[in-house]
1. Look through segment 198-251, keep the residues that are of a type in the set (D, E) and either outside any loop (DSSP other than H, G, I, E, B) or under 20 Å from the mean Cα position of the chain (by Cα) (or both), and return whichever of them is nearest to M179 (Cα to Cα).
2. Please go through segment 46-80 and give me each residue that is part of a helix (DSSP H, G or I), over 21 Å from the mean Cα position of the chain (by Cα) and among the basic types (K, R), ordered by number.
3. Taking I168 as meeting all but one of (1) surrounded by 13 or more Cβ atoms within 10 Å (Cβ to Cβ); (2) more than 30 Å from E30 (Cα to Cα), write down the number of the exception.
4. For N131, state whether it is closer than 27 Å to S342 by Cα, surrounded by fewer than 22 Cβ atoms within 10 Å (Cβ to Cβ) and either in the same structural domain as G70 (by TED's automatic domain parsing) or modelled with pLDDT of 90 or more (or both).
5. Kindly indicate whether any position in segment 256-272 is among the polar types (S, T, N, Q) and more than 24 Å from the chain's Cα centre (by Cα).
6. Condition test on N264, is it in contact (Cβ under 8 Å) with a residue 24 or more places away in the chain and in a helix (DSSP H, G or I)?
Amino acid sequence: MYIKAASNISPQNTFGNQPYLSELAEYTGEQLTCIEPEYKTLIDPKLIRRMSRIIKMGVATGMDCLHQAGINAPDAIITGTAYGCLADTNTFLSKMVQQNEDALSPTPFIQSTHNTISAQIALLLQCHQYNNTFVNGGASFENALLDAMMLLYEGTAANVLVGGIDEITANSHAILKRMGLYRRFPVSNFELLNIPGEGTMAGEGAAFFMLSQEASGNDWAKIEGVSSFYKPRSIAEIQQHINTFLLTRHIDINEIDLVITGNNGDLKNDTVYGQLQQYDFANIPAINYKALCGEYPTSSAFAMWLAAHEIKNGVCSFVPQSNQIPLKKVLIYNHYQNIHHSLILLSAC
């Protein structure tokens, strides 16, 4: 699959014509919040008033991605989200309690469903093609990618719009913090990995990609493969998955120019990455992406945007200039709570 275009709203200045990560945004606290653009240029102002924050982010990135690719309507729209529209869900449930389940407005319920974002994009485009949303926790975005691959390989679609979206709200943050996912004391996202402890920083984001099986000559990068696996029992099993993933694509691990990993500052979470970087990835330059976007189930969509951008630029922006080499192959390895593990391999076109 070829990435023809990509769009990303994140806690960094990644949307629109901003200089590529020229000034990184620092956050001190418990979460990283998306830097939102002016939506009026992409969405009808009359519609914006009825959209919640995550719907605006998802629709804006989807429409911007289509605009970049020069495509009026895709042949399929596929999204991945673990939490869906949390703010609308909270509004609906709160009103249900406050009004004793009587005279409820249907709008928050309609907009609380997980497929709202892909549906809104389809409605705006009058697109009646294949439309699907995957809600599989930390594997949601990867499953959306795999679905897009099958559509393209089967020849049932030529251009597929794929996205990964999740938001954090005050209520969801409080609940997940009680479960031990997030730090109990404020910390800077730039110091997160230098001060390992229990928990990490919450994040959010919306990233969309226009994928095609045919090269256009102006593509960002090529997706060589996507794989996910569930609850590996040991580091040896993880290593076996990585070796098999590369072997089936006839790639030696030494051919990888850059590894992007999902370290997030949580001691238990980062143990796996530490062992892999000590052995399997020991001789490969590696960068961590969650200091930029925070931790959330579909953060691998941000990682893929980052990898595609680095390949498009030709060199890695996060290593010293003296160590920079042309990027041909980039491997993304991420896991969410050591439950859902995924591998995404990108290469230069």
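1. Across segment 198-251, the extreme among qualifying residues is E204.
2. If the condition is that a residue be part of a helix (DSSP H, G or I), over 21 Å from the mean Cα position of the chain (by Cα) and among the basic types (K, R), then K46 is the only one that fits.
3. With (1) surrounded by 13 or more Cβ atoms within 10 Å (Cβ to Cβ); (2) more than 30 Å from E30 (Cα to Cα) applied to I168, the lone miss is (2).
4. Yes; evaluated as a whole, the condition is true for this residue.
5. First, the residues of segment 256-272 that are among the polar types (S, T, N, Q): 261, 263-264, 269, 271.
Still in the list and also more than 24 Å from the chain's Cα centre (by Cα): none.
Looking for residues that are among the polar types (S, T, N, Q) and more than 24 Å from the chain's Cα centre (by Cα), one finds none in segment 256-272, hence no.
6. Spelling it out, it is not the case that N264 is in contact (Cβ under 8 Å) with a residue 24 or more places away in the chain and in a helix (DSSP H, G or I).
Table: residues versus (1) under 18 Å from R49 (Cβ atoms); (2) surrounded by 20 or more Cβ atoms within 10 Å (Cβ to Cβ).
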residue	(1), (2)
H67	no, no
I77	no, yes
T81	no, yes
L86	no, yes
M96	no, no
S112	yes, no
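The values are calculated or read from the model by the stated rules, or taken from the named source; none is laboratory data. Computed from a predicted structure; not experimentally measured. Here Cβ is always computed from backbone atoms with ideal geometry, including for glycine, and neighbour counts include all displayed protein chains.
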